[in-house]
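Visitor: Dropping a structure here in structure tokens format, bear with me for questions.
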Amino acid sequence: MAQRKHKLFRKVDSTEVQGEGSYVILCAMTYGDSKAYFNRITSDDKSEQYQVGNELLIKMVHEWNWVDDDGKPLPLPKDDPSVLDSMPIEEIVFLSNELGAGIRRSQDSKN
């Protein structure tokens, strides 16, 4: 029986940026997403690239158990996009790298 290898959602251990037991569930980019974002991602306009990256983080972060400096739960970016602006750059880089890793794994499996 067929079984999808590349699930739409994957759970990622985020211990390196949020400590033991932390995780984030990321939604994979779909074909529809790639059509919508491709030309904007490859644009030479840096502000357009930044905006696309921001939109992707908002769309692709499905769930997490992340907290702020005081241990209070952070809202999901889809519920409060401004949360991204208050996060340390290391956390944004982590999320961006994980989203990119998912895209690379998908591309590698095609080769």
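We did not get these values from a lab; they are worked out from the coordinates using the rules stated. Note that the structure is a prediction, hence the values are computed from the model and not measured. We place every Cβ from the backbone using ideal geometry, glycine too, and count neighbours over all the protein chains shown.
Visitor: Considering only region 1-56, state which residues are touching a strand residue (DSSP E or B) at 6+ places or on another chain (Cβ under 8 Å), closer than 17 Å to GLY100 by Cβ and among the hydroxyl-bearing types (Ser, Thr, Tyr).
Guide: SER14
Visitor: Which members of region 1-36 meet the condition of being touching a Leu at 6+ places or on another chain (Cβ under 9 Å), within 22 Å of ILE89 (Cβ to Cβ) and either of a type in the set (A, V, I, L, M) or free of Cβ contacts under 8 Å to residues at least 24 places away in the same chain (or both)?
Guide: Of everything in region 1-36, those that are touching a Leu at 6+ places or on another chain (Cβ under 9 Å), within 22 Å of ILE89 (Cβ to Cβ) and either of a type in the set (A, V, I, L, M) or free of Cβ contacts under 8 Å to residues at least 24 places away in the same chain (or both) turn out to be VAL12, VAL17, VAL24, LEU26.
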